[in-house]
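Here the structure is laid out as structure tokens; the discussion comes afterwards.
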Amino acid sequence: MDWSGSPIRDFAATRCTGLLLQVGVLSILFVGWRLPYVSARSSSDQAQDQERTLRTRAEEFYNLIRVGSWSQAESYVTQDSLDAFRNQTKTPFQSYQIDSIKLQPDARSATVQITIKVMMPYSPTPFAFPRASQWRLVNGEWYVQIPGPPRGLLKSMVQQPPSAPGLSHREPLPVELKFSNAVYTILDAVQPGQVKEARFPFTNVSDHVVRLGEVVTGREWVRLKTEKKEYKPGESGTLEFEVDPIHRDYGYGFADTITVKTEPGGATTLLTIRMYVAPSVAANGKTEAQE
């Protein structure tokens, strides 16, 4: 039967066209609805890729430091902090572990938390030192940003009286108090409730009376005990410090830098106390927090 030009043929064509239009509209709606989900997932995947790349770079960097390959490690350091890296004390460590990696929202900077283990003199086991390093993404590659010394400390170390007229350089300050040792290591781990002492013997090697000026410790729980302030030429003495560190739920190594100024010469001496602080968890499993 020929239905060409008939009402039945026209109805069927109109019905098919309507169905096709509905399917097309639904397809557009579903595609538009899925786009934000796909975009968000891509952003998450990108952050995970950056974290994996950063972890690889950090492992390569710390492996070089661990074996003492400082020159090779420089290729992982930002250009503006190379000098700070080169001026650091070169002390390789025994082992390390990456504890966490935290990317900033822009995924162009991050903080890498690590724990390094260092062997100390007269200690049968290595000390654990928690450390945090800052990393930046530069031209698609991760580089570590090495901080410089604190400006206040650096200024106190290099500050000197004005030079005499006509001198183009500053003369070194004379030594007034000569210390037997600038580093004191507390050999036994500092247990919760213990208070340790650190001693620095010295002699007045000048030809005049020397007075102790400012004695500044790096932490408030490192306190000066010595009360005597003046020492005659040739006289000896000892700077004694009381050490009562804060205990955490993990053990950690610590080095406190002490700045000692003398008068009238204005010379500055840096002393260091090294120690290992035992964790606050007692044998019975309870935590002895020390504020």
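Structure summary
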item	result
Sorted by Cβ neighbour density within 10 Å, fewest at the top, the residues 61, 129	129, 61
Whole-Hz ³J(HN,Hα) from phi, Karplus 6.51 cos²θ - 1.76 cosθ + 1.60, for region 261-277, glycine and proline x	10, 10, 10, x, x, x, 6, 10, 10, 9, 10, 9, 10, 10, 7, 10, 9
Per-pair calculated FRET efficiency, R0 = 51 Å: residue 53 and residue 181 via Cβ, rounded to 0.05	0.70
Volume per residue that the Cα convex hull of region 216-277 spans, once the total is divided by residue count, Å³	86 Å³
HN-Hα J in Hz across region 69-85 - Karplus 6.51, -1.76, 1.60, θ = phi - 60°, x for Gly and Pro	8, 5, 5, 5, 5, 4, 5, 9, 9, 4, 4, 6, 10, 4, 4, 4, 5
Spatially proximal aspartates and glutamates relative to residue 178 (Cα-Cα < 16 Å; intrachain offsets below 8 disregarded)	207, 230, 235, 240, 263
Chain lengthening between residue 88 and residue 44 when straightened (0.36 nm per residue, less Cα-Cα)	12.2 nm
Under the Karplus curve 6.51 cos²θ - 1.76 cosθ + 1.60, θ = phi - 60°, whole-Hz ³J(HN,Hα) for region 177-192, x wherever Gly or Pro sits	10, 9, 8, 5, 8, 8, 10, 10, 9, 7, 6, 7, 4, 7, 7, x
Share, in percent, of DSSP beta bridges within region 53-145 that are antiparallel, nearest 5	95 percent
P(r), alpha carbons of region 53-145 - 10 Å bins starting at zero, rounded %	16, 48, 29, 7, 1
Residues whose placed amide H lies under 5 Å from that of residue 213, excluding near-sequence neighbours	261, 262, 263
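Here, each number is a calculation from the coordinates, and none is a lab measurement. These numbers were taken from a predicted model, which means no experiment stands behind them. Note: ideal-geometry Cβ built from the backbone for every residue, glycine included; neighbour counts use all protein chains shown.
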